[in-house]
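The values are calculated or read from the model by the stated rules, or taken from the named source; none is laboratory data. None of these values were measured; they are calculated from a predicted model. Note that we place each Cβ from the backbone using ideal geometry, even for glycine, and neighbour counts take in every protein chain shown. Surface accessibility is based on the protein's heavy atoms, side chains included, excluding ligands, DNA and RNA. Shrake-Rupley method; radii C 1.70, N 1.55, O 1.52, S 1.80 Å.
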Amino acid sequence: MNNMTSLHPEFLKGTPLMAGTREGYGDALLEIAQTDEKLVVLTADLAESTRVLEFAKKYPERFIECGVAEQNMMSVAAGLALAGFKPVVSSYAVFSPGRNWDQLRVSVCYSKLPVVVAGAHTGLSVGPDGATHQALEDIAITRVLPGMTVVVPCDYEQTKKAVKALVSASVPSYVRFTKEKSAVITTSETPFVLGKILPLREGSDVVIFAAGPITVLALQAATELAKSGLEVAVVNLHTIKPIDDFGVLAYAKQCGAVVTLEEHQLHGGLGSAVAEVLVSTYPVPMEMVGVPNTFGQSGKWELLWEYYGLTVAKVKEAVEKAVKRKNKND
Amino acid sequence: MDILSYKEIELKANSIRESIMQMLLTAGTGHSAGPLGLADVFAVLYFRILKIFPTDPWSMDRDFLFLSNGHVCPVLYSTLAEADFFDKSELPTLRRMSTRLQGHPHLKSLPGVENTGGPLGQGISQAVGMALGLRMQNRRNRVVCVTGDGEHNEGQVWEAIMLAAKYKLSRLCVVVDRNNIQIDGFTEDVMPLNDLKAKYEAFGFHVIEVDGHNVQALSEAFGEADSVYERPTCVIARTVPGKGVNFMERDYHWHGIPPNSDQAREALKDLRTLRGRMLSEHE
């Protein structure tokens, strides 16, 4: 009944391997470079932190250090794409696509150029650096752009696959990852298809759509709720755009109640994307879990998640609320 | 493409100016001052300097012309038509729905449109990226990027300049349309640029200042730029905004507006008779 084949055995045992999604990004670039000589990597003075330093050392002729100049970096990447390369742009998401959103919009998207924008340090889990560096709006500002593909990978393995898929796809795209190490939820064998949902757990009472490392909270909540007889489906919605509307619809119909979960503002992210699909085709009771329209602050990431309501308890609360509303309607 | 003589280029520039006035009149919207001021620069570039192939516009052997101050696209479109990249009959469609001649250039919408431009600063960064990309492939194609002087208010422009200097992109030539105007007034009142030559030199460029209406001087400037190997070059072309049309010259109000039909008639008369000094075949 439960589709556990996608999940990593160590994770299922409760002793998950821990790895950084940014490591997945850096490792993917090194692997792609071996066979794709068109790959070039740019950074805005954040090589070590965005994990492209190894690439820079190994492929110095394909690495462009732009200094702290994100707007120039984005348009330079467009120019490199015009010259036939596949550029990947690395900085913290608050700066790229934050600061250089005009350049992403015009130089890249409107020009339809194959630039992959890698947004590091997303979510509250950035921690001590505080609000200025915690990207909570990046999904919203990228998915709204015509022609963008937006992916939010859930762990090291999925980040690797996502980056490879996006470089290969040769379209304007955005991939976000995190600062902290997180549980390896999937395996290297777990399928990854751009634009298609990845069911992680089957159920028919409620479905949780989640993306990013925060997906573990959904799985945890589902396991705990099973004890009280609720069967919660967990679907990893890694591709926010183009969204798998058929997949989303299928699970909305199967369960009749929806919860969304993201390490992002409630406004404009994954939850909004799901709502946009359902509201005109199959509106069902839906609850959203995310950052409640506030900036973050400095602190240890575990405490920040607790403080801003990114917890298993909050997810369970949302599930129970959605189910209650569903039952009231029946 | 044949290399034209200076005399022939001056005639081309005049023809380009006429096209600009006509297309702006028909469109009823668009920018007059910059395009008129840049007609000589574009004529020299397209008829004497750049390696271009109108019948094979995307040839890998071509030189690249990037337009960063995209709003002056009437001069780009007129020059491309003059150089047979497409037919002049399409020029009156500027800014109209479904046109290939977008109000601000859209990459590849027309043969010869090498970049999307409009938001100031993005074109020069793209040109730097292209120049870098060509060098990474050991290609020696030239990349010429036309910019506005007011455009240099944008920080991104200086970011691009720094990166070009860092990588010693000697095949990159930035042209500055130094016409001393921007939307809100004269550049030195709105946001003084002062000594642009000194600034560019301090940033690591080789700089050539030139009369933007002297086709011989322009040709020699681009020749000098071509021979510089150690650093990128900047050609500061001193131009008169609205050049060629008496009532438009030096008036910043003409930056962003087209002529009406009376004004266009006056403008065309100016252009066709060298301000009344000769008879025009149109009379």
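Miscellaneous remarks
- Test: residue in region A:79-98 that is more than 8 Å from chain B (Cβ to nearest Cβ), part of a helix (DSSP H, G or I) and in contact (Cβ under 8 Å) with a residue 40 or more places away in the chain: no
- Positions within region A:180-202 being open to solvent by 20 Å² or more (accessible area, probe 1.4 Å) and small (Gly, Ala, Ser), in sequence order: A:Ser188
- Residue match in region A:290-311 (condition: under 23 Å from the mean Cα position of the chain (by Cα), surrounded by 22 or more Cβ atoms within 10 Å (Cβ to Cβ), part of a strand (DSSP E or B) and not hydroxyl-bearing (Ser, Thr, Tyr)): yes
- Residue match in region B:61-77 (condition: touching a Leu at 6+ places or on another chain (Cβ under 7 Å), touching a residue at least 40 places away in the same chain (Cβ under 8 Å) and open to solvent by 10 Å² or more (accessible area, probe 1.4 Å)): yes
- Residue match in region B:145-158 (condition: in contact with a strand residue (DSSP E or B) (Cβ under 7 Å, 6 or more places away or on another chain), more than 19 Å from B:Val72 (Cα to Cα) and assigned to a loop (DSSP other than H, G, I, E, B)): no
- Selection status of B:Gly155, within 8 Å of chain A (Cβ to nearest Cβ) and surrounded by fewer than 18 Cβ atoms within 10 Å (Cβ to Cβ): yes
- Residues that are more than 9 Å from every other protein chain (Cβ to nearest Cβ), more than 14 Å from the chain's Cα centre (by Cα) and either buried (at least 24 other Cβ atoms within 10 Å of the Cβ) or not in a helix (DSSP H, G or I) (or both), drawn from region B:162-177: B:Ala164, B:Lys168, B:Leu169, B:Ser170, B:Arg171, B:Leu172
- When we screen B:Ile9, B:Ile52, B:Ile16, B:Ile20 for residues that are assigned to a loop (DSSP other than H, G, I, E, B) and either in contact (Cβ under 8 Å) with a residue 60 or more places away in the chain or not basic (Lys, Arg) (or both), the only hit is B:Ile52.
- Within this structure, B:Gly112 passes the test of being touching a Phe, Trp or Tyr at 6+ places or on another chain (Cβ under 8 Å), crowded, with 19+ Cβ neighbours inside 10 Å, more than 7 Å from chain A (Cβ to nearest Cβ) and under 25 Å from B:Leu169 (Cα atoms).
- Which numbered condition B:Asp195 misses (of (1) surrounded by fewer than 23 Cβ atoms within 10 Å (Cβ to Cβ); (2) within 13 Å of another protein chain (Cβ to nearest Cβ)): (2)
- Of everything in region A:106-164 that is more than 14 Å from chain B (Cβ to nearest Cβ) and of a type in the set (Lys, Arg), the residue that is most open to solvent (accessible area, probe 1.4 Å) is A:Lys164.
- Just one of the numbered conditions (1) in contact with a helix residue (DSSP H, G or I) (Cβ under 9 Å, 6 or more places away or on another chain); (2) within 20 Å of A:Ala257 (Cβ to Cβ); (3) open to solvent by less than 20 Å² (accessible area, probe 1.4 Å) is not true of A:Thr215: (1).
Matching residues to (1) open to solvent by 60 Å² or more (accessible area, probe 1.4 Å); (2) among the hydrophobic types (A, V, I, L, M, F, W, C); (3) under 26 Å from B:Glu159 (Cα atoms):
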residue: B:Ser219; (1), (2), (3): no, no, no
residue: B:Thr239; (1), (2), (3): no, no, yes
residue: B:Arg250; (1), (2), (3): yes, no, no
residue: B:Ile257; (1), (2), (3): yes, yes, no
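- Criterion (buried (at least 24 other Cβ atoms within 10 Å of the Cβ) and either in contact with a helix residue (DSSP H, G or I) (Cβ under 9 Å, 6 or more places away or on another chain) or within 7 Å of chain A (Cβ to nearest Cβ) (or both)) met by exactly one of B:Leu120, B:Leu134: B:Leu134
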